[in-house]
Amino acid sequence: MTGGPGTERRPVVVIGVGNEFRRDDGIGPEVVSRLRRQAPDGVRLLVSDGDPTRMIEAWTGASLAVVVDVVLADSPVAGRLHRIVVDQADDASTHPVSSHGLGLGESVALARALGRMPERLIVHAVEAADVRQGVGLSPAVAAAADALTAAVLQDLPADSGPGPDRARQA
């Protein structure tokens, strides 16, 4: 679909970061699973392990990238939600880090250096209670999943392009 002569609509992508076998770290894939039934047509839904190069590849060329992840906070309140808009002028080091070895800050810094940032990047995160090995979200993070999914949906444009483009691995 085009926005007019000579213009092409840039994609919208939601990236659920995490590992469903590390308890609360599975919230990103869980939200992507919920969005399969709710996201507007044309939104690309992806699951990622958080590797910076795969994250950058997933959001390159996007008009909007929404990243959903769990964060480890210094004084955690399990289930507390965060929404962070990262623009081109932000200092990525001021944002929460994910539960993965390399955080989202590293992905943003590398994408900026390579000129591969999306037009707009929004991070939706929830504070973790448990990221040890195991299946299933902690009660606090599970209780926040509906509100987190709704917050992501509020950031998505009503019409994101032609046809559904549903979840895959990134």
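General remarks:
- The gain in end-to-end length when the ALA147 to ARG36 segment is fully stretched comes to 38.4 nm, 0.36 nm per residue minus the alpha carbon separation.
- Where Rh is the Kirkwood radius over Cα pairs, Rg/Rh for the range 12-163: 0.94
- Charge sum, other residues only, whose C-beta stays under 11 Å from VAL71's C-beta, Lys/Arg counted +1 and Asp/Glu -1: -4
- Beta bridge orientation in the range 12-163: antiparallel %, DSSP, nearest 5: 25
- Between SER75 and ARG9, the modelled labels are 4.5 nm apart [label points 7 Å from Cα along Cα→Cβ].
- VAL135 paired with ASP49, simple spin-label distance in nm, labels 7 Å along Cα-to-beta-carbon: 1.9
- Extending 7 Å from Cα along the Cβ direction at GLU119 and again at VAL85 yields two label points whose distance is 1.4 nm.
- Table column - 3J(HN,Hα) (Hz), the range 70-83, Karplus curve with 6.51, -1.76, 1.60, x for Gly and Pro: 9, 10, 9, 9, 4, 10, x, 10, 3, x, 5, 9, 10, 10
Read the figures in this text as sums done on the coordinates, not as results from a lab. Bear in mind the structure is a predicted one, so any value in this text is a computation, not a measurement. Please note: Cβ atoms are built from the backbone with ideal geometry, for glycine as well, and neighbour counts cover all protein chains shown.
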